[in-house]
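Participant: Below is one structure. I have some questions about it.
The values are calculated or read from the model by the stated rules, or taken from the named source; none is laboratory data. Treat the numbers as computed from the prediction; the structure is a model and nothing was measured. Cβ placement follows ideal geometry from the backbone for every residue including glycine, while neighbour counts extend to all protein chains displayed. Areas reflect the complete protein model, heavy atoms only, side chains present, ligands, DNA and RNA absent. Shrake-Rupley method; radii C 1.70, N 1.55, O 1.52, S 1.80 Å.
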Amino acid sequence: MKNVVLIGMPGCGKSTIGVLLAKALRYDFVDADLLIQNRYGKLLRELIAEYGNDGFLKIENDVNLSIGGEHTVVATGGSAVYCTEAMEQYVAQDIVVYIQLSYEEIASRLSNVRQRGVVLKEGQTLRDLYNERTTLYEKYARITVNAEGLSTGRLLETILHRLSE
C-alpha cells in the first residue's frame, strides 16, 4: 500500500495520531519536522530565523521530497502545503489525509506559534494563517477527517475507516 501522509495545521495532532496510525497499519512512521531538525541540527524556529521563511520552505520541500518508500505514515509540518513540488509528489504517489480542526480549537492548542517554529509572514496573525492554509489543505487532501471533539482513539478509528473505503 502507498504511504499515508498527514497534513493539517500545527497542533491538530499529526505527529500524535501518526505514531498510532503507523502502529495500527504496521507501517513505519516519519515525522518530517523531526527529520528536518535532525538533518540540520537545529530547531525549526532557529532554521526559520537563519534562512527566513522562503529558505525554510526550500528545506522543507527538499526533505519532504526525500521521503519515499512504501508502508510509511508521514506527519508533515503544517507549512508543507506551501511546498508545491513535494505536495504534488505526495498527491501522485500516496494517500493524503487532512486532519481538520476549527480555528478556535487550533488557537486553544497553540500558545506561542513563533516559539513552535511556525512559518508566519510579517504581520500575519494565526487567523490569517489558518484561513490561508485551509484552502491548501483542502486542495491536496484525498481524505478529510474532521477531528473536532474526537478523542485520539476515535480519530484513529475514523482515519482507519476512511482509509479502508
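Participant: Any residue at all in segment 9-20 that is of a type in the set (K, R) and more than 16 Å from the chain's Cα centre (by Cα)?
Facilitator: Of segment 9-20, the ones of a type in the set (K, R) are 14.
Right, trim to more than 16 Å from the chain's Cα centre (by Cα) and you get none.
Checking segment 9-20: not a single residue is of a type in the set (K, R) and more than 16 Å from the chain's Cα centre (by Cα).
Participant: Here are some residues: Y90, Y27, Y103. Which one is within 30 Å of S151 (Cβ to Cβ) and either touching a Ser or Thr at 6+ places or on another chain (Cβ under 6 Å) or of a type in the set (S, T, N, Q) (or both)?
Facilitator: Working: Y90 fails: either touching a Ser or Thr at 6+ places or on another chain (Cβ under 6 Å) or of a type in the set (S, T, N, Q) (or both); Y103 fails: either touching a Ser or Thr at 6+ places or on another chain (Cβ under 6 Å) or of a type in the set (S, T, N, Q) (or both).
Y27 is the lone residue from the list that is within 30 Å of S151 (Cβ to Cβ) and either touching a Ser or Thr at 6+ places or on another chain (Cβ under 6 Å) or of a type in the set (S, T, N, Q) (or both).
Participant: Look through A92, A80, A107 and report the one residue that is touching an Asp or Glu at 6+ places or on another chain (Cβ under 8 Å) and part of a helix (DSSP H, G or I). Before the answer, list the steps.
Facilitator: Working: A92 fails: touching an Asp or Glu at 6+ places or on another chain (Cβ under 8 Å); A107 fails: touching an Asp or Glu at 6+ places or on another chain (Cβ under 8 Å).
The match here is A80.
Participant: Any residue in segment 21-32 that is surrounded by 17 or more Cβ atoms within 10 Å (Cβ to Cβ), among the β-branched types (V, I, T), out of contact with any Phe, Trp or Tyr (no Cβ under 7 Å at 6 or more places or on another chain) and modelled with pLDDT of 95 or more?
Facilitator: Taking every residue of segment 21-32 in turn, at least one turns out to be surrounded by 17 or more Cβ atoms within 10 Å (Cβ to Cβ), among the β-branched types (V, I, T), out of contact with any Phe, Trp or Tyr (no Cβ under 7 Å at 6 or more places or on another chain) and modelled with pLDDT of 95 or more.
Participant: Another one. Limited to segment 38-56, what total is found for residues that are open to solvent by 30 Å² or more (accessible area, probe 1.4 Å) and in a helix (DSSP H, G or I)?
Facilitator: Of the residues in segment 38-56, the ones open to solvent by 30 Å² or more (accessible area, probe 1.4 Å) are 38-43, 45-46, 49-51, 53-54.
Subset that is in a helix (DSSP H, G or I): 38-40, 45-46, 49-51, 53-54.
Adding up the residues that qualify gives 10.
Participant: Next up: From (1) touching a strand residue (DSSP E or B) at 6+ places or on another chain (Cβ under 8 Å); (2) part of a helix (DSSP H, G or I), pick out the condition that doesn't hold for T144.
Facilitator: (2)
Participant: Could you look through segment 62-83, keep only residues that are open to solvent by 20 Å² or more (accessible area, probe 1.4 Å) and not hydrophobic (A, V, I, L, M, F, W, C), and pick out the one that is nearest to Y130 (Cα to Cα)? Lay out the reasoning, then the answer.
Facilitator: Quick first cut of segment 62-83, residues open to solvent by 20 Å² or more (accessible area, probe 1.4 Å) only: 62, 65-66, 68-71, 82.
Narrowing the set further to residues that are not hydrophobic (A, V, I, L, M, F, W, C) leaves 62, 66, 68-71, 82.
On the way: D62: 24, S66: 27, G68: 28, G69: 31, E70: 30, H71: 30, Y82: 13 Å.
Taking the candidates together, the pick is Y82.
Participant: Counting only residues that are under 27 Å from A24 (Cα atoms) and open to solvent by less than 60 Å² (accessible area, probe 1.4 Å), how many does segment 115-149 have?
Facilitator: The qualifying residues number 7.
Participant: Please enumerate the residues belonging to segment 147-165 that are touching a strand residue (DSSP E or B) at 6+ places or on another chain (Cβ under 9 Å) and closer than 13 Å to L101 by Cα.
Facilitator: Applying the first criterion (touching a strand residue (DSSP E or B) at 6+ places or on another chain (Cβ under 9 Å)) to segment 147-165 yields 147-148, 155, 158-159, 162-163, 165.
Answer for segment 147-165, where residues must be touching a strand residue (DSSP E or B) at 6+ places or on another chain (Cβ under 9 Å) and closer than 13 Å to L101 by Cα: A147, E148, L155.
Participant: Quick check on my filter: what residues within segment 11-20 are touching a Gly at 6+ places or on another chain (Cβ under 9 Å) and either among the polar types (S, T, N, Q) or open to solvent by 10 Å² or more (accessible area, probe 1.4 Å) (or both)?
Facilitator: Answer for segment 11-20, where residues must be touching a Gly at 6+ places or on another chain (Cβ under 9 Å) and either among the polar types (S, T, N, Q) or open to solvent by 10 Å² or more (accessible area, probe 1.4 Å) (or both): G11, K14, L20.
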